[in-house]
Protein chains: 2
Amino acid sequence: MIRVVKGDRDTCLSFIEELKTRVGETEKSVEETVSDILKKVKSGGDEAVKAYSRKFDGWTPETLELSRTEMKELSKDCDPSFLESLRRAAANIREFHARQKQQSRIDPMGNGVITGQRVRGLHRVGVYVPGGTAGYPSSVLMNVIPAQVAEVGEIIMVTPPGRTGKPDPNILAAALVAGVDRVFLMGGAQAVAALAYGTESVPKVDKIVGPGNIFVATAKKQLYGVVDIDMIAGPSEILIVADDSANPEYLAADLMSQAEHDRLASAILITNSEQLAAETVKALYRQVETLSRKEIIEASLDRFGAVIVCESMEQAVEFANDLAPEHLEVCCQDPFEYLGRLDNAGSVFLGHYSPEPLGDYFAGANHVLPTGGTARFFSPLSVDDFIKKSSFIYYPKEELLKAADDIIRLAETEELTAHANSIRVRKEL
Amino acid sequence: MIRVVKGDRDTCLSFIEELKTRVGETEKSVEETVSDILKKVKSGGDEAVKAYSRKFDGWTPETLELSRTEMKELSKDCDPSFLESLRRAAANIREFHARQKQQSRIDPMGNGVITGQRVRGLHRVGVYVPGGTAGYPSSVLMNVIPAQVAEVGEIIMVTPPGRTGKPDPNILAAALVAGVDRVFLMGGAQAVAALAYGTESVPKVDKIVGPGNIFVATAKKQLYGVVDIDMIAGPSEILIVADDSANPEYLAADLMSQAEHDRLASAILITNSEQLAAETVKALYRQVETLSRKEIIEASLDRFGAVIVCESMEQAVEFANDLAPEHLEVCCQDPFEYLGRLDNAGSVFLGHYSPEPLGDYFAGANHVLPTGGTARFFSPLSVDDFIKKSSFIYYPKEELLKAADDIIRLAETEELTAHANSIRVRKEL
């Protein structure tokens, strides 16, 4: 079910290189289908969206928008205790993200010069929520709350109508808890296109976030620049760094909590303890029998799971930085000692009682994280992803004149004489 | 030389729609050439880079890296007064960007729960600097200083060797002033590929920034995800919003300072004063005769220049927000009154003595700005572009147990039973 590798630094590193090659390329046919859908929706508007809904979802709503009343009515079908759990999670998420908020700033100098940076929430954002079992209420919270904290003007959720024409009540409940302003029943590349270009009934947005299938992801990628998009998420992954203080039952459970997402998910344990490695594997075999998604777990652990027994915890840290995982659990005696040494990770889970699902659902940090080693340069979804910044400058006449010679010299060295002229006319006229 | 449009709101808005359609698509042949170069450099390393340098630049350096000694030696050829101007500009840029720096934070709760966000500079960044007259020392400062303020581990500059094998001394001087760590003499898509994949002599970077021709831009776009990249810059643009307090000579000079960049540059004036519009056009005809880049200025004003006379300053603000320009000059009596109303702009220049070249070179705000209306959702290049964030969480056992039922309920509602199991084993074992 899972490979166990034990060896020196080079053996481990070459095995890690192998583990990294996991992501394929988008098929050309998908690229072309999506590009065609985008063009048709751009020119055809609502009717084109509805035609695609009919084709792909087997159903078309009469009006694309779900009214506020319908939304509230439908969401009543959700379990009250689930709703309470959702509200507690949302409160934690809101609190965590509120601390990320950047303020506009102004830097007035003593000489009358003023520079600064204005920070504002985006005007309008679209959040894609997949249909069926791929649509998670927790993801609604994670995508919508940072936008709301950023003071985005209007947050629009889109989700496929499904064959019943009724979206999941739990999704709608999450939308209400998170603060979605409007909901449109449409999915796929056509929904992404409608958000990016706008139609008669769908207002044009400035950014589109949220997970989706390959058609949704490809549509977002193709529309990048027309609108902003979030990271394109690859398959999910966890890396656990553990020393001999760790509980193998916990490690096995955490590896499987990641592996259950899909057959491409990756779950890796790195430890310096051969005994812990062996006991974790034993626990995996035992626990998996009790789990409903056994088949998926076995398939993903089989292909992308690994237990690496390295020579020291220093090596474990080195390998973790090389892998740059989405989720990184530090199941060690002194977890905070590792915080500074672990350089690349989307989200870090410290200690024996901070398992990844705590972060996925409840602790407040975002669960939309960089995958596939991109934690080297990408960051968790945050309030920063829903703002725009504008810099501004103001110079009084006398200060511009003091700077004039420098600016003219720099512009003329770059042979941009009209730039120099713009300063010169202010000196002379 | 420049179109003048006067009319009601609808006339102006439909003219503005027309002005927006300026950017074309990358030719398929460029896409394919670049994709081929990337593959060859990925497998062939240094030798492949050198072969392309020989082919495209007509010259190959023996070693791709320029030594620190050579760098210092060559930069001595630059004019001392230019160097001083560069240093004063760099000091302003450093001061402006230092205020952008985000700190790591920790949020320890009373119950022992800890959440937080660690902020770090990227490990290694590549800065592309075009060869010949397209390589601007000011752009070296604007791309390198934010990276340095972000505490990026290593900043690598690449620039084409040119036929003499010697880069511009002014560029090297700017690199030294800004704080570049290493310089490699290579250009084009092959340089971008070498930075993204790494070669025997070029270390792999985490992000590539800086302007370049269509091959460089296409290479960056294709490698997005392997590394992070900055915005793909479109043609430059200025929008001036002016009331009757403005000086037409200044406005004409500022429009031309943008128009001189290239034939695709756009320069637009919006005012409610017909007289100011007429006088600005007159000044344009007069001043252009004195400028060395007259031909380019006339060509770009001809195609992408415009003077729009609207009915009120409220309309001017509305049109400016619709255009979302890269540079926005507010040449009005009370410029700060407009700061809150102008929603979308890369950089805002307030008042009669804050012309765009002041920002391009000297005031300290970044001159790498979103173009083509993307100021709706993109921001100026900043320290934020050179950091990575990791969130972290720590829960003590008793707090996890308090949250356990909520997490289990949320996970089970989403049918992710292995997630629930990860919490359950900690309750039970």
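The values are calculated or read from the model by the stated rules, or taken from the named source; none is laboratory data. Just so it is clear, the model here is predicted, and its values are computed rather than measured. Counting neighbours? That spans all protein chains shown, and the Cβs are built from the backbone with ideal geometry, glycine included.
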**Request:** Would you mind stating whether A:Lys397 is farther than 20 Å from B:Ile106 by Cα, facing another protein chain (nearest Cβ under 7 Å) and in contact (Cβ under 8 Å) with a residue 60 or more places away in the chain?
**Result:** no
**Request:** Would you mind finding the one in B:Leu358, B:Leu350, B:Leu369 that is more than 7 Å from chain A (Cβ to nearest Cβ) and touching a strand residue (DSSP E or B) at 6+ places or on another chain (Cβ under 9 Å)?
**Result:** B:Leu369
**Message:** Tell me whether segment B:154-174 contains one or more residues that are touching a His at 6+ places or on another chain (Cβ under 9 Å) and not aliphatic (A, V, I, L, M).
**Reply:** yes
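Out of the residues in segment A:249-277 that are in a helix (DSSP H, G or I) and over 15 Å from A:Gly305 (Cβ atoms), which is farthest from the other protein chains (Cβ to nearest Cβ)?
Going through segment A:249-277, the residues in a helix (DSSP H, G or I) turn out to be A:249-259, A:274-277.
Going one step further and asking which of them are over 15 Å from A:Gly305 (Cβ atoms), we end up with A:249-250, A:274-276.
On the way: A:Glu249: 5, A:Tyr250: 6, A:Glu274: 22, A:Gln275: 17, A:Leu276: 15 Å.
The residue in question is A:Glu274.
Condition check ((1) hydrophobic (A, V, I, L, M, F, W, C); (2) within 30 Å of A:Ile171 (Cβ to Cβ); (3) in contact with a Phe, Trp or Tyr (Cβ under 6 Å, 6 or more places away or on another chain)) across all residues:
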{"position": "B:Val330", "(1), (2), (3)": "yes, no, yes"}
{"position": "B:Gln333", "(1), (2), (3)": "no, no, no"}
{"position": "B:Pro355", "(1), (2), (3)": "no, no, no"}
{"position": "B:Thr413", "(1), (2), (3)": "no, yes, yes"}
**Prompt:** Across segment A:231-260, what is the number of residues that are of a type outside the set (S, T, N, Q), surrounded by fewer than 22 Cβ atoms within 10 Å (Cβ to Cβ), modelled with pLDDT of 95 or more and over 26 Å from A:Thr11 (Cβ atoms)?
**Reply:** 1
**Asked** In segment A:198-221, which residues are polar (S, T, N, Q) and surrounded by 20 or more Cβ atoms within 10 Å (Cβ to Cβ)?
**Response** A:Thr199, A:Thr218
**Prompt:** In this structure, is B:Asp385 of a type outside the set (Lys, Arg), more than 8 Å from chain A (Cβ to nearest Cβ), outside any loop (DSSP other than H, G, I, E, B) and touching a strand residue (DSSP E or B) at 6+ places or on another chain (Cβ under 9 Å)?
**Reply:** yes
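Please state which one of A:Glu298, A:Glu337, A:Glu311 is closer than 27 Å to B:Asp206 by Cβ and either among the acidic types (Asp, Glu) or not assigned by TED's automatic domain parsing to the domain that holds A:Tyr250 (or both). First the steps, then the outcome.
Working: A:Glu298 fails: closer than 27 Å to B:Asp206 by Cβ; A:Glu311 fails: closer than 27 Å to B:Asp206 by Cβ.
Selected residue: A:Glu337, the only one of A:Glu298, A:Glu337, A:Glu311 that is closer than 27 Å to B:Asp206 by Cβ and either among the acidic types (Asp, Glu) or not assigned by TED's automatic domain parsing to the domain that holds A:Tyr250 (or both).
Results for (1) more than 17 Å from the chain's Cα centre (by Cα); (2) closer than 26 Å to B:Arg87 by Cβ; (3) at pLDDT below 95, shown as yes or no for each residue.
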| position | (1), (2), (3) |
| --- | --- |
| B:Val127 | no, yes, no |
| B:Pro137 | no, yes, no |
| B:Val149 | no, yes, no |
| B:Gly162 | yes, yes, yes |
| B:Ala173 | yes, yes, no |
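Of all the residues that make up segment A:102-125, how many are over 20 Å from A:Pro380 (Cβ atoms) and more than 9 Å from chain B (Cβ to nearest Cβ)?
Filtering segment A:102-125 for residues over 20 Å from A:Pro380 (Cβ atoms) gives A:103-118, A:120, A:123-124.
Now narrow it down to the ones that are more than 9 Å from chain B (Cβ to nearest Cβ): A:103-104, A:106, A:108-112, A:124.
Total meeting the criteria: 9.
Keeping to segment A:197-216, report how many residues are within 14 Å of chain B (Cβ to nearest Cβ) and in contact (Cβ under 8 Å) with a residue 40 or more places away in the chain. Write out each step before concluding.
So in segment A:197-216, the residues within 14 Å of chain B (Cβ to nearest Cβ) come out as A:197-198, A:203-209, A:211.
From the residues that got through so far, the ones that are in contact (Cβ under 8 Å) with a residue 40 or more places away in the chain too are A:197, A:203-209, A:211.
Within segment A:197-216, residues that are within 14 Å of chain B (Cβ to nearest Cβ) and in contact (Cβ under 8 Å) with a residue 40 or more places away in the chain number 9.
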**Positions within segment A:143-169 being over 30 Å from B:Asn321 (Cβ atoms) and within 12 Å of chain B (Cβ to nearest Cβ), in sequence order** = A:Asp168, A:Pro169
**Item:** Single match in A:Leu122, A:Leu83 (criterion: surrounded by 13 or more Cβ atoms within 10 Å (Cβ to Cβ), over 30 Å from B:Ala345 (Cα atoms), in contact (Cβ under 8 Å) with a residue 24 or more places away in the chain and hydrophobic (A, V, I, L, M, F, W, C))
**Value:** A:Leu83
**Conditions (1) modelled with pLDDT under 95; (2) small (Gly, Ala, Ser); (3) assigned to a helix (DSSP H, G or I): number failed by A:Gly24** = (3)
**Asked** If you take the residues of segment A:78-101 that are part of a loop (DSSP other than H, G, I, E, B) and more than 8 Å from chain B (Cβ to nearest Cβ), which of them is modelled with the lowest pLDDT?
**Response** A:Cys78
**Fill in**
Given the conditions (1) surrounded by fewer than 21 Cβ atoms within 10 Å (Cβ to Cβ); (2) at pLDDT 95 or above, every one holds for A:Leu195 apart from (1)
**Matching residues in segment B:388-420 - criterion: being under 30 Å from B:His123 (Cβ atoms) and either in a helix (DSSP H, G or I) or among the charged types (D, E, K, R) (or both)** = B:Lys388, B:Lys389
**Message:** Every residue in segment A:229-244 that is of a type in the set (Asp, Glu) and touching a residue at least 60 places away in the same chain (Cβ under 8 Å), please.
**Reply:** A:Asp230, A:Glu237, A:Asp243
**Request:** Mind listing just one residue for me: the one in segment B:334-359 that is touching a residue at least 24 places away in the same chain (Cβ under 8 Å) and closer than 17 Å to A:Arg426 by Cβ and, of those, nearest to the chain's Cα centre (by Cα)?
**Result:** B:Gly359
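Name every residue in segment A:278-299 that is facing another protein chain (nearest Cβ under 10 Å), more than 26 Å from the chain's Cα centre (by Cα) and in contact (Cβ under 8 Å) with a residue 24 or more places away in the chain, in order of residue number.
Here is the first cut: in segment A:278-299, the ones facing another protein chain (nearest Cβ under 10 Å) are A:283, A:287-288, A:290-294, A:296-297.
Filter again for more than 26 Å from the chain's Cα centre (by Cα), leaving A:283, A:287-288, A:290-292, A:294.
Residues satisfying the conditions are A:Ala283, A:Gln287, A:Val288, A:Leu291.
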